[in-house]
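See below for the structure under consideration.
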Amino acid sequence: MNIERFAETETTLAGADRLWRAEMRRAFGPDAVLLHGFGAERQGAPGTRLRTAFEARRSAIAAWRHARRPAA
């Protein structure tokens, strides 16, 4: 595992998660993640800030998972 790359992806993921959570709160209120974090609502409608934040978070999760893989 490349520790530097892992740290970068972890930082990116943390930021993307914060933005997504903020958009969830803006769209659905203070308990949005608890109430809608696993439902279809978490994605937001196409073209919305919530969808953009969701897609950025999804991409960051994928990069973080990839960086965690052991070096071959």
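The values are calculated or read from the model by the stated rules, or taken from the named source; none is laboratory data. This one's a predicted model, so the numbers in the text were calculated from it and none came from an experiment. For neighbour counting, all protein chains shown are included, and Cβ atoms are generated from backbone atoms with ideal geometry for every residue, glycine included. In case anyone asks, the SASA skips ligands and DNA or RNA and just uses the protein heavy atoms, side chains included. Shrake-Rupley method; radii C 1.70, N 1.55, O 1.52, S 1.80 Å.
In the chain, the portion of solvent-accessible area held by carbon and sulfur atoms comes to 57 percent [1.4 Å probe, whole percent, DNA, RNA and ligands not counted].
A 1.4 Å probe run over the chain, with the rest of the protein chains in place, finds 72 Å² accessible per residue.
Shape of the chain from its Cα gyration tensor (a ≥ b ≥ c, root eigenvalues): rounded if a/c is under 1.5, otherwise prolate when a/b > b/c, or oblate? Prolate is the answer for the chain, as a/c is 1.5 or above and a/b outweighs b/c. Entry note, the chain: relative contact order of 48 percent, from Cα contacts under 8 Å with a spacing of 6+ residues. In loop segments of the chain as defined by DSSP, the chymotrypsin sites (Phe, Trp or Tyr not before Pro) with at most 13 further C-beta atoms inside 10 Å of their C-beta are PHE38. Principal-axis analysis of the Cα atoms of the chain puts helix 49-68 at an angle of about 20° to the longest axis.
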